[in-house]
1. Tell me, which residue of region 164-220 that is hydroxyl-bearing (Ser, Thr, Tyr) and touching a strand residue (DSSP E or B) at 6+ places or on another chain (Cβ under 8 Å) is farthest from ALA118 (Cα to Cα)?
2. Looking only at residues in region 238-260 that are in a strand (DSSP E or B) and touching a Lys or Arg at 6+ places or on another chain (Cβ under 6 Å), which one is surrounded by the most Cβ atoms within 10 Å (Cβ to Cβ)?
3. Which condition does ARG349 not pass, out of (1) under 23 Å from the mean Cα position of the chain (by Cα); (2) closer than 26 Å to THR41 by Cβ, if it passes all the others?
4. When you look at PHE431, is it over 24 Å from THR304 (Cβ atoms) and among the aromatic types (Phe, Trp, Tyr), yes or no?
5. For region 211-233, enumerate the residues that are outside any strand (DSSP E or B) and within 11 Å of SER324 (Cα to Cα).
6. Filter region 91-122 down to residues that are touching a residue at least 40 places away in the same chain (Cβ under 8 Å) and not in a loop (DSSP other than H, G, I, E, B), then give me how many there are.
7. Does region 270-280 include one or more residues that are more than 16 Å from the chain's Cα centre (by Cα) and of a type in the set (A, V, I, L, M)?
8. Count, please, the residues in region 422-449 that happen to be without any contact (Cβ under 8 Å) to a residue 24 or more places away in the chain, surrounded by fewer than 16 Cβ atoms within 10 Å (Cβ to Cβ) and either assigned to a helix (DSSP H, G or I) or not assigned by TED's automatic domain parsing to the domain that holds ASP345 (or both).
Amino acid sequence: MKRVLVANRGEIAVRVTRACRALGLETVSVYSEADRDALHTRLADRAVCIGPARAVESYLNVPAIVAAALGTQCDAVHPGYGFLAENAAFAEACAEHGLRFVGPPPDAIRLMGDKLRARTIAAKVGVPVVPGSDGPLCSPAEAATAAERIGFPVLLKAAAGGGGRGMRVVRSASELAAGLAGARAEAQAAFGDGTLYAERFLERVRHVEVQVLADRMGHCLHLGERDCSVQRRHQKLLEEAPSPAVTPGLRAAMGEAALALARHIGYESTGTVEFVLEAGSGRFYFIEMNTRIQVEHPVTEMLTGIDLVAEQLRIAAGERLGLSQADVRIEGHALECRINAEAPDAGFRPSPGTIREWAAPSGEGIRVDTHVFPGAAVPPFYDSLLAKLVVHGPDRVAAIDRMRRALGEFRVEGVETTLPFHSRVLGHPDFIDGRNQTRWVEEELMAERSAI
């Protein structure tokens, strides 16, 4: 493997390009007309325009991306996250043209991409799942029967879902028909598949995920957990590790559950098995597996010293994992704040524009993954992520203190950002004491802000 096409944009394209360079691999970036002057096009050895600004005509254009890889004599394609990263047909298209897909096999992507099927597989291998419907909900009558058996509130979920789309919380039978119609329409629009299923909606839970690594020879290990409970409408905003709600015994149990699922499906590359955790009881339940590198992967890298993107590339090249489970060391505490071009006090409204000033913090234990620079454009066509601010400290108290200082040093002009929001989170007693849960931002933090 000598040359890799990076089929993405933004900070993850920059991240992958730099990892390739560290391993001595050449890189080719792809870009839309809106990203002609973006940082990822400047860092790569070569850049190829693949279409207009709209993602469906560029970053989701499989023929154009494959043609760009073949036309520049690439050996492999790294999809990053989002866009085509969990698209089994794209992975198959790469294989059909002799390109190595830097990620899991298409079959594993397809199995875990169908959330209902993934749930069934998890239950089969003994991984706890949330009580829910036995199959897809084909009618309001079936939904009503399932909800009566499960008990309200129920969570309607898209089988092809992700990113919080195609999901509705229904608290009573009178809301069921409208919730079903709304979730199905959103799922159809987002994924081209309106298939829904139902799970019991668990109140006041934490969202905890386990990072796994697996090579082509069947070696598989986990790198501990990340806590992603600070979220809004199922969209993650801040992540940390280790989770303040996870004990060593619980960490081992969740890790073994994640590995059981990964081994059963013949997984390769990096992946993340996601759970909800009832902090009081210690009970955890599988919700999905993300078959790609995660936005929050730097949190795990800061704790373990393991470069997850480099491991992806080595695995794709056919190398064995160079470490065992016993080699994994989790040291200190890490936090990541997603710095988005959004206005939190206006419902997190996107804020596209041009960056006039950009001064990121630096220093011991601080890492900033970004594609932004003074004068950079923030187009309205894509995700609003500007940067990931990551800190590491010897313990959680020290990490929170370091993050608060780093947020205070961050200067951005030209667009609104989530910097003030993160400062509020980090300074709130509920977060400091580890009492937050997945509904905390909407039900408590933002409600307090509205009352002021």
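The values are calculated or read from the model by the stated rules, or taken from the named source; none is laboratory data. From a predicted model like this one, the values you see are computed outputs, not experimental measurements. As a convention, Cβ positions derive from the backbone with ideal geometry for all residues, glycine included, and neighbour counts pool all protein chains shown.
1. Here the residue is THR195.
2. Of region 238-260, the ones in a strand (DSSP E or B) are 238-241.
Remaining after also requiring touching a Lys or Arg at 6+ places or on another chain (Cβ under 6 Å): 239, 241.
Numbers: GLU239: 28, ALA241: 30.
Applying the filter and picking the extreme gives ALA241.
3. Against the list (1) under 23 Å from the mean Cα position of the chain (by Cα); (2) closer than 26 Å to THR41 by Cβ, ARG349 comes up short only on (2).
4. In short, no.
5. Residues of region 211-233 outside any strand (DSSP E or B): 215-219, 233.
Result: HIS219, single match.
6. Result for region 91-122: 15.
7. Yes, region 270-280 has at least one match.
8. Here the count works out to 7.
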